[in-house]
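The values are calculated or read from the model by the stated rules, or taken from the named source; none is laboratory data. On a predicted model such as this, the values are computed, not experimentally measured, just so you know. Because the Cβ atoms are built from the backbone with ideal geometry, glycine has one as well, and the counts that use them run over all protein chains shown.
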Ligand code: HXC
């Protein structure tokens, strides 16, 4: 399937989604979000695809935010009546039960930072810059930035970033636990695809289960989260892949996964 504002490639079991508006630093307009919604639904529905990577085209940006030109032309009521970008604040992310990684190759600002934070984890190039500069435009984060950034890096740093609009470099982002790893700029995509291929080689049902458990830590109390973990663990013990995985370990061979 082809899209107007993104490209999608399948590399074995890994889907690579590239934001493709390099002249506008991959700013997220309504068409990008619509294309991404379709691409993520297709990824989720395709049983051959087991991990996804999202990155930005060009050398400079992952995404420099929501498209300011588009936003500047909207009437105030439109934002409310369209429920501007609402699918991306939670629904698309919740419906995507399979894992996806953000490979951040440059600016990840405003909605770009928010999109990266929706991913299961972020791998960043040493050139990456994260920020929530919306305050400088007279607005504020609107796709989860104030919530996800605060949960990721804590109140003090998140508050400072939202109130000053300053950018955070990749090394600081790694120290602050915003990202999983910093890699050299030129090897970012290789590293992200290699990590995605490693995830895609795992038993698929256990992958979804691990993702669900970790996410439960953000939605529940510790007690409830521990129950979610135990129940999912117990369900996995009934899977064919559990029998295969344990047999493969004992027989010193690779597992041959069925995904059930
Ligand atoms: C539309 C954008 C854009 C954006 C950059 N461009 N960011 N267009 N929306 N968010 C365009 C510029 O207009 C310019 O187009 C081209 O990309 C290159 O950008 P420059 O500014 O010339 O590049 P540079 O000087 O290197 O500066 C890079 C930058 C700067 C620091 C990233 O572009 C910048 O500050 N951008 C805005 C970042 C931002 O405020 N993001 C938050 C948006 S609000 P032309 O045609 O002039 O060459 C948001 C809210 C989310 O995200 C909530 C939604 C519900």
Every listed condition ((1) closer than 30 Å to residue 79 by Cα; (2) part of a helix (DSSP H, G or I); (3) under 14 Å from the mean Cα position of the chain (by Cα); (4) in the same structural domain as residue 59 (by the TED database)) holds for residue 215 save (4)
With respect to residue 50, determine if the residue is under 30 Å from residue 205 (Cα atoms) and more than 14 Å from the ligand (Cβ to nearest atom). yes
Would you mind telling me which numbered condition in (1) away from the ligand (no atom under 15 Å from the Cβ); (2) closer than 30 Å to residue 186 by Cβ; (3) touching a residue at least 40 places away in the same chain (Cβ under 8 Å) residue 151 fails? (2)
Flagged in the range 1-30 as without any contact (Cβ under 8 Å) to a residue 24 or more places away in the chain and within 9 Å of the ligand (Cβ to nearest atom), in numbering order, are 23
For the range 30-48, does any single residue satisfy the condition of being assigned to a strand (DSSP E or B), in the same structural domain as residue 168 (by the TED database) and surrounded by 13 or more Cβ atoms within 10 Å (Cβ to Cβ)? no
Note: among 114, 70, just one is part of a helix (DSSP H, G or I), surrounded by fewer than 20 Cβ atoms within 10 Å (Cβ to Cβ) and in contact (Cβ under 8 Å) with a residue 24 or more places away in the chain, namely 70
